[in-house]
Amino acid sequence: MIKFNIFLLALVTVLSGCSAQPKYFFIANLENTCSHPIRVNAVDYSNAKKAFIPDQEIASGGNVEVLSQISFSEQMEISIPDTYRLDIKANEQTISLDKQLFIAQLKNSPSTHTGKSGTTWTISDSSLCPQQHAQG
């Protein structure tokens, strides 16, 4: 009986330690800096929300959330799924960012921190604008 009580105490201690483990959140918003609307698709953008609505149209100056991850790790790089991809479409062209290109974009974007557990980025980069066709 003593062994069982020790086992039960150890189990409760381990389980309560796991539930108290801090969680971190990572959010990124894409601002449309283009002079024209864009269509955006984010693959595996969230592990806590509904799937991303495909081909969302974002007006010039508008923005959309393109990443929402909750993690037990404070390292953003390992918290984003390897299958993450951001596609930005306009003018019959597509700019695609895989996980590594997306992380590079985040590292060059302004961020705000919420306490010790959250980071939100705003991606605002005109190089992510699919070019308009020349009118002629």
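Bear in mind that the values in this text are calculations on the coordinates, not laboratory data. It should be emphasised that the depicted structure is a prediction, and the values quoted were computed from it without experimental measurement. When we count neighbours, we look across all protein chains shown, and the Cβ atoms used for this are built from the backbone with ideal geometry, even at glycine.
Observations on the structure shown:
- Taking all Cα-Cα distances within region 22-126, those exceeding 25 Å account for 15%.
- Isotropically averaged projected area of region 71-118, using the convex hull of Cα atoms (one quarter of hull area), nm²: 4.3
- Cut-off under 5 Å, modelled amide H: who pairs with Val66 long-range: Ala28, Asn29, Leu30
- Partners of Lys99 within straight-line reach, counting aspartates and glutamates whose Cα lies under 13 Å from its Cα and excluding those fewer than 8 residues away in the same chain: Asp44, Glu77, Asp82, Asp87.
- Amide H contacts for Arg85 (H built 1.01 Å from N in the peptide plane; partners 5 or more residues away or on another chain; cut-off under 5 Å): Val43.
- Ranked by the mean number of other Cβ atoms within 10 Å of their residues, highest first, the peptides 25-38, 84-97, 51-64, 103-116 come out as 25-38, 84-97, 51-64, 103-116.
- Sequence-distant residues sharing a close amide H with Gln56 (under 5 Å, placed H): Val40
- Phi-based couplings in Hz for region 94-101 (Karplus 6.51, -1.76, 1.60; Gly and Pro marked x): 10, 10, 10, 10, 7, 4, 5, 5
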